[in-house]
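The values are calculated or read from the model by the stated rules, or taken from the named source; none is laboratory data. As the structure is a computational prediction, the values presented were derived from the model and not from experiment. Cβ sites come from the backbone with ideal geometry, for glycine too, and all protein chains shown count toward neighbours. Surface areas here come from the heavy atoms of the whole protein model, side chains and all, with no ligands, DNA or RNA. Shrake-Rupley method; radii C 1.70, N 1.55, O 1.52, S 1.80 Å.
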Amino acid sequence: MKSFANVNPRDLKDAVAQLQRPNAVPVGGGSDLLGMVKEHLVQPDVLVHLRALRGLDQVSSKGSEVTIGGLITLDTLSHEPLIHNSYKVLAEAAGSVATPQIRNAGTLAGNVCQRPWCWYYRNSFPCFKNGGNRCFSITGENQFHAIFGGGPSFIVHPSDTAPALVALEAKFRVTGPAGDRMVPAESFFALPKLNAAHENVLAPGEVLVSIHLPKAARSMRSTYHKVLDREAWTHAVVSAAIVLDMDQQICRSARLVLGGVAPIPWRLPKVEAMLSGQRLTPELAARAGEASVEGANPLAKNGYKIPLTKATVTRTLLSLAT
C-alpha cells in the first residue's frame, strides 16, 4: 500500500479546499475506501478526514424538516429515537447494513455514495467502472446484477439506506468548489446510460454533507425488507423500501422503491398509483407484486429475481396493512 498524507480540515470550507489537492479523496468511516485501496482500485495521495468536522453527525428537527448529518454512523442512525419512531424505514435500512462492526464505523453519506460491489469491478477487470469499455457481467457471472435500468453497465446500487431515502422524498445537501446545492434524493443517483463510470451526480471535489427529510405525518407507515443470499455481511439481492400514508386500511398515497435490482434505487410509480386511494388487502398486495416487475429485463443467471421481487413487494406491503 502506497503512503499518503492525512489531513484534518478545520471546517467544511477547508475540507472542500483540501479536496482540490491532486489525488485527494474524502474519508468518513473509511470502510469502503479501505477496501478499495486494498483492492488497488484507488491509490490516493491525500486523505481528507471529514470526521474531524464537528456537528455533521447529528440529527435535528426544525419546523417542517428533519436534518441528518452525513457523518452519523449507521448504528447511531438505526437507534436514534426520532428516526426510529417517525422514519422506521430508514432506521431499519441502516440497521440492516453489513455487520455491527461496519455499522459502528460506516456513515450515512458513505453508505449512500459507496461504489458497486460487482466482482468484476472489485477484481480490477477493465470494465466501465474501471475505465474500460465493456461490462463483463453481460455474458459472465451475473447472478446478482440488474434486472432494471441496466446498460451499458449492469451493476446494482449497493446501498440499503438509498432506497429508504428516495421513498421518504429526502433532499441531499451537497457542497463543493461551486458552493452548496440541494439535490432531491431521486435525482442524486445516475443510470449508467448517463455516465457508466459514475453512480451519482457528485462533481469532482463535492461531498454529501447532510440529508433533509420532510416532517413525517402521524398517518405514515413505513418499513424496509431485505432479502440476502447469506445471513450477514452481504448486500441485498432484492430489497423494498415502502412508505404509505394510511387512513386506517385505506392507502392515501404510496412510495415504493426497490434495492438490489437496478443501478439506482428503483422507484415503482405505477404500483404507487395502483395503491393510492385503495384498501390495502392481500389481493391488492398480490397485484402490486405482479406489477412491480413490469419492464424487468433479466440476464442469463438472475431471472430468479423476478419472482423474488414480486414476493418481496407483496410481503412488505402486507406487513404494513395493520
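The table below gives the values:
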| read-out | value |
| --- | --- |
| Along principal axes, Cα extents of the range 1-159, largest first, whole Å | 50, 37, 28 |
| DSSP loop GluC sites (Glu not before Pro) with at most 11 other Cβ within 10 Å: longest gap in the chain | 1-230 |
| Too-long pairs where the Cα-Cα distance tops 31 Å, listed order kept, from Lys62/Lys310; Lys38/Lys193; Lys13/Lys62; Lys2/Lys226; Lys13/Lys193; Lys13/Lys171 | Lys62/Lys310; Lys2/Lys226; Lys13/Lys193 |
| Expected 222 nm ellipticity per residue - DSSP helices of 4 or more, -39500 (n - 2.57), all of the chain, to 500 | -7500 deg cm²/dmol |
| Which of His79, His198, His49 is most accessible, then next, and so on - probe 1.4 Å | His79, His198, His49 |
| Kirkwood Rh and Cα Rg combined as Rg/Rh, the range 68-149 | 1.11 |
| Residue-normalised accessible area of the range 128-172, given per residue in Å² at a 1.4 Å probe | 32 Å² |
| Area of Lys301 that stays accessible when all protein chains are in place (1.4 Å probe, Å², to 10) | 90 Å² |
| Equivalent ellipsoid dimensions for the chain as semi-axes, Å, which come from the Cα gyration tensor, largest first | 32, 25, 16 |
| Apportionment of accessible area to carbon and sulfur, the chain, percent (1.4 Å) | 52 percent |
| Normalised alpha carbon radius of gyration of the range 202-322 [divisor 2.2 N^0.38 Å] | 1.15 |
